[in-house]
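J.: Before I ask anything, let me first share the structure, which is written out below as structure tokens.
Each value in this text was obtained by applying a stated rule to the coordinates, not by laboratory testing. Not measured: the values here are computed from a predicted model. Cβ placement follows ideal geometry from the backbone for every residue including glycine, while neighbour counts extend to all protein chains displayed.
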Amino acid sequence: AQSVTQLGSHVSVSEGALVLLRCNYSSSVPPYLFWYVQYPNQGLQLLLKYTTGATLVKGINGFEAEFKKSETSFHLTKPSAHMSDAAEYFCAVSGGWGTGGGADGLTFGKGTHLIIQP
Amino acid sequence: DGGITQSPKYLFRKEGQNVTLSCEQNLNHDAMYWYRQDPGQGLRLIYYSQIVNDFQKGDIAEGYSVSREKKESFPLTVTSAQKNPTAFYLCASSPQGTPPFFGQGTRLTVV
């Protein structure tokens, strides 16, 4: 079984400030972890992923996340927020790749709505 | 252009009717997925398929059915047994060793 908890359904930061979105997971197997972003009435776009190897992963649009096994966390950060970062962000966990090579069905957190104040 | 196409974008259904949501991909991905999204609930997995002619139930499969007769197609039927079908439905597909790519979604409303 696996689960994801995103702390804070809404996070508000000023433009230019640090963005920190929190994600904690539980998994009975070594996890694969992902962050997705969703703009209103759109599908989800992958920001970054952790599967194996380096625990600090860099993604698109200046975002990065660090896998901390001891804390079961995968927090998303960006040094300087931009107005275009306003969106819904989802953390997800998978137990690996299935028989067809695709990800075993991902389990998503409930999402964090990021608000950027001018 | 390669991608995942969900149609229609908006769909209205009368209570007691079955309705089928279309999902087509031309990315040659083996794995395909259906998720349901409700406000404040995140995404919940309905069904997924790793290969043609095989699929597995996700966390909320009751009231839904799928088929996977072709690699590029994974239609979802919302049956009358689904008590609260109004939601945003997202289809996704995944290549080997890569997390899923998502379509633009279908918003289903029961009237």
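J.: State, to one decimal in nm, how far the label point of A:Q45 lies from the label point of A:L7, with both points 7 Å from Cα in the Cβ direction.
T.: Going by the 7 Å Cα→Cβ label model, 2.8 nm.
J.: Please report, largest first and rounded to whole Å, the three semi-axes of the ellipsoid equivalent to the stretch B:59-111, where each semi-axis is the square root of five times an eigenvalue of the C-alpha gyration tensor. Don't skip to the end; give the middle numbers.
T.: Numbers: eigenvalues 105, 36, 21 Å².
Semi-axes, largest first: 23, 13, 10 Å.
J.: Answer rounded, prolate or oblate for the protein assembly as shown, using the Cα gyration tensor with square roots of eigenvalues a ≥ b ≥ c: rounded when a/c is under 1.5, else prolate when a/b is larger than b/c, else oblate.
T.: On the way: a/c = 1.87, a/b = 1.41, b/c = 1.32.
Because a/c hits 1.5 or more and a/b exceeds b/c, the protein assembly as shown counts as prolate.
J.: On to the next question. Once you mark the GluC sites (Glu not before Pro) that are in a DSSP loop and have at most 16 other Cβ atoms within 10 Å, what is the longest gap between them in chain A?
T.: Values: sites that count: A:E15, A:E71.
Within chain A, the longest run free of exposed GluC sites (Glu not before Pro) spans A:16-70.
J.: Cross-link candidates for A:K68: which lysines have Cα within less than 20 Å, leaving aside residues fewer than 8 places away along the same chain?
T.: A:K49, A:K58, A:K78
J.: What percent do you get for the relative contact order of chain B when only Cα pairs under 8 Å and 6+ apart count?
T.: Details: 285 pairs, mean separation 38.8, N = 111.
With pairs under 8 Å counted, the relative contact order is 35 percent.
J.: Shape of the stretch A:1-79 from its Cα gyration tensor (a ≥ b ≥ c, root eigenvalues): rounded if a/c is under 1.5, otherwise prolate when a/b > b/c, or oblate? Working shown, then result.
T.: Details: a/c = 1.55, a/b = 1.45, b/c = 1.07.
Here the stretch A:1-79 falls in the prolate category.
J.: Here's a follow-up. Counting Lys +1, Arg +1, Asp -1, Glu -1, what net charge surrounds B:K71 among other residues with beta carbon under 15 Å of its beta carbon?
T.: -3
J.: Quickly work out the B:N18-to-B:Q104 label distance, labels modelled 7 Å from Cα along the C-beta direction, and quote it in nm with one decimal.
T.: Between B:Q104 and B:N18, the simple spin-label model gives 2.8 nm.
J.: Moving on. Could you give the distance between the Cα centres of the stretch A:8-75 and the stretch B:9-40, to the whole Å?
T.: Cα centroid to Cα centroid, the span is 26 Å.
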